[in-house]
Amino acid sequence: MFLNKSDRLAIVDFDGKKISHTDLVNTVKYYSDYVITEKTPKAFSIIMMENRKEWFYAFYSLWDSNLTPVAVDAMSNKNELEYFLNDSGAICIYVSNNTYEVAKEAILSTGRDIKIFNVDEIKIDKEKYEKIEKDERILSHPDMEDIAVMLYTSGTTGSPKGVMLTYGNIYNQILSIRTLEITWDDEQILAVLPFHHILPLMSANIYYMYHEHQYSVVLVEKLSSQEILKALSENDVTMLVLVPRVYKLFYKSIKSTIDSKWITRLIYAIAKKINNKAFSKKIFKKVHDKFGGKLRSMVVGGAKSDIEMIEFFNTLGFDYCEGYGLTETAPIISGNTNNHGYKIGTVGKPVNNIEVKAVDQELWVKGPIVMRGYFNKPEKTSEVLTDDGWFKTGDLVEVDDEGYITIVGRKNAMIVLSNGKNVDPETLEIKFMSSVNSIIKEVGIIGHNDKLASLIVIDRNEAKKLNILNINAYIKDTVEFYNGAVHNYEKILEYKITEDELPKTRIGKVRRFMLKDIYSGKSKVENKENVNEPNTEEYRILKDFIFKMKGVYPEGNKNLEVEFGLDSLDQVELLTFIENSFGLKISEEDFKDNLTLLGLSKYIEEKSSGFTETTDQWKEVIQNAPNKELKDGWLMLLIKPILFLLFKLYFRIDIKGSENIKNEQQIFIANHESFIDGLALSLLIPNESSEKTYTLAINWYFKNAFMKFFAKHSNILLLDINKNIKSTIENVSSALKQGKNVFIFPEGTRTKDGNLGEFKKIFAILSKELNIPVTCLKIDGAFEAYSRYDKFPKPKKLSVKYLGQIKPENMSYSEIVDTAFNMYLEDDK
């Protein structure tokens, strides 16, 4: 016996309708007696539909009819389903209205007579059902050695393989789960993940329906946090089984609320210190109520969880239970539970009815939960199953003295670098994502030309909400921050930004085998519609102008900033061109809302009154810059003697070449190593030049009252890199046109690794258009003394010096930039 009648609750449907275990058994009998017309013993029969109560009826009615269920993805396309039908030789298929058309097309392509049972078309005959209600026949189930279910794997590595799980595998997996001691008599689970995957099929269906348990399952229509929370609030759910990325949504939301107030941060810190579930459940009652008030266990599988997230949910009073397994092991091999053994950072101890061992660091498993093999693929089966029954999981592990298993990485996903280092991309992805905000949705790391590269998926709407308009600069900083915190072999040395989600299986595993082709442009994450280029003057003119700027013709529907690297200065140049050529001044907001060639050209077509040929956009910006009143600062000259004494005593500063700096108008530039660079370099500039020099600085360093006072009285021009770069250029131009000097750090930000960064061309534009020489200054030792990662400066030796001057006559912007950059490189030799 597998299912049995009782008045206990079995299923809660989408509409809240409650179905008892008696109702379940009766409806299964109805399906097997009156729906299934093909009953070739042990023949395969496909189930292809979304999670719903009929999924249960279909599955167990196939068992009762001596047929073997094959669970496939409800999102399968015609070609995929045709493959499953042909490979399995299925004689019938259960579908819903949502999957019927695909099934009909696929069956037509096979040329076989395959019966379709559409559950949305099944009408229960009241008379027949009443007859069944009186029937005490026990439902049939497969014998121990019979195939009980077949599931197709491989979304992450290549062509699908049919995993044959016997009834013995299923039964022994039930016994395995019991050894984890995670379920109780009142257990109710939310079925969110699709049943064609073994984890939800086993945990939210088979295990719960088994007659010795008779727990209940709540169904949800959509995998969204709103749907999940609604279902939790309306039921008595005690357990969730999800993948880490779904828990991450809750984690970010709750954590941001806790972090927003000092009192909640303090309460959380106290709860973490006390480490008592009962205490946490009381003080975080609002959180528990949000999850329905009954939730005990958060079970997770399918991917690694961030340790910080695990600790967070445990501190709130939940049991965050990370398990490990594969489809081929039905699935659970090990689990982290309080009663079986718990150690954060591991996937727990093995279940009690199996053996495990590490062979060349690969985990091998033996026991009654290991599959029969891959259907019709004896060669593939022999690759993973030894003659004496050991299954090679393909996962590299470490097993400690207590038996806890730590997953190092997937053997076929490991990136092997030329220095011999083996790098697990998933571990690095978790590390990278742990310190980013909601602008970055996900990251996929690959090996590319013997270095680590990544696809970084952004959310433009989140960037807009957070007022981050310069996404490229933000991503560059994020990558550099990550690189500054990891080993050299873990650094991301190349990346591409995209708005397309990484390819995944339905359960959320990244299809890593596709990432390299996506990165190299050989394939795309998703096929976007081919765009017919409009035959309009606006489209052609914009396309040609962007080509002149970036050296590449943009595609009409591609984001200009993300796909073609249109940085802040490029955007100013483009907006100026549009204003001068089309007589149309576009606001930043409208520009960001139309940041594709198609969108922008259409906007101009609708708003502009005509086109006038213009050139030299930067000359227009600089020459037309309005005159801004400047207040001469007095603070730097006042504190300069004190600074000199402090830098001499603490940093033993060495100053070289001050005598070469003439009292004439110039643009000072310097490399940027630390927060004290500006102060140190001011000691190099003679007073007569210093008093008329204005420094360009990013505004976020000058937020508090003291720093605002310092900026106001120290000749500092503040720059907001997320807003109106054009206004900043106009302010600097105004200062220069009034005969002042300006000081610019062309890298735009402090170095993350001590190396010289790319120079932005703003200083070269100003130099060229106003014919003002560029004076190159250099600081050494500041990164070692006070890098961006240090909380307090160290007494390391500093030196500042004059490198030389560049005259802009007969030079282009890029030539000025290259000459300056090479001057610093030559000095480093």
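Numerical summary
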{"quantity": "Within region 1-116, helices (runs of 4 or more DSSP H) holding 1 or more residues that are farther than 22 Å from residue 217 by Cβ and of a type in the set (D, E, K, R)", "calculated": "78-88, 100-110"}
{"quantity": "Residue match in region 237-255 (condition: hydroxyl-bearing (Ser, Thr, Tyr), surrounded by 17 or more Cβ atoms within 10 Å (Cβ to Cβ), modelled with pLDDT under 95 and assigned by TED's automatic domain parsing to the domain that holds residue 340)", "calculated": "yes"}
{"quantity": "Answer from 302, 335, 325, 317 - the residue that is under 22 Å from the mean Cα position of the chain (by Cα), closer than 21 Å to residue 239 by Cα and not hydrophobic (A, V, I, L, M, F, W, C)", "calculated": "302"}
{"quantity": "Test for residue 57: is it in the same structural domain as residue 135 (by TED's automatic domain parsing), touching a helix residue (DSSP H, G or I) at 6+ places or on another chain (Cβ under 6 Å), of a type outside the set (A, V, I, L, M, F, W, C) and free of Cβ contacts under 8 Å to residues at least 60 places away in the same chain", "calculated": "no"}
{"quantity": "Yes/no for residue 671 being modelled with pLDDT of 95 or more and either among the charged types (D, E, K, R) or under 27 Å from residue 816 (Cα atoms) (or both)", "calculated": "yes"}
{"quantity": "From the options 238, 257, 264, residue that is polar (S, T, N, Q) and touching a residue at least 12 places away in the same chain (Cβ under 8 Å)", "calculated": "238"}
{"quantity": "Qualifying position, being among the aliphatic types (A, V, I, L, M) and either more than 28 Å from the chain's Cα centre (by Cα) or in a strand (DSSP E or B) (or both), among 217, 246", "calculated": "217"}
{"quantity": "Residue count for region 341-369, restricted to those that are out of contact with any helix residue (DSSP H, G or I) (no Cβ under 6 Å at 6 or more places or on another chain), surrounded by 14 or more Cβ atoms within 10 Å (Cβ to Cβ) and in a loop (DSSP other than H, G, I, E, B)", "calculated": "8"}
{"quantity": "Out of 764, 782, sole residue that is in contact (Cβ under 8 Å) with a residue 12 or more places away in the chain, within 19 Å of residue 481 (Cα to Cα) and touching a helix residue (DSSP H, G or I) at 6+ places or on another chain (Cβ under 9 Å)", "calculated": "782"}
{"quantity": "Unique residue being outside any loop (DSSP other than H, G, I, E, B), outside the structural domain of residue 71 (by TED's automatic domain parsing), at pLDDT below 80 and under 30 Å from residue 748 (Cβ atoms) when the list is 463, 473", "calculated": "473"}
{"quantity": "Selection status of residue 609, free of Cβ contacts under 8 Å to residues at least 60 places away in the same chain, under 35 Å from the mean Cα position of the chain (by Cα), in the same structural domain as residue 552 (by TED's automatic domain parsing) and farther than 21 Å from residue 548 by Cβ", "calculated": "no"}
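Okay, residues lined up against (1) within 30 Å of residue 472 (Cα to Cα); (2) charged (D, E, K, R); (3) part of a loop (DSSP other than H, G, I, E, B):
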| residue | (1), (2), (3) |
| --- | --- |
| 611 | no, no, yes |
| 619 | yes, yes, no |
| 622 | yes, no, no |
| 650 | no, no, no |
| 664 | no, yes, yes |
| 669 | yes, no, no |
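The values are calculated or read from the model by the stated rules, or taken from the named source; none is laboratory data. Note that this is a predicted model, so its numbers are computed, not measured. Positions of Cβ are generated from backbone atoms using ideal geometry, with glycine treated the same way; all protein chains shown enter the neighbour counts.
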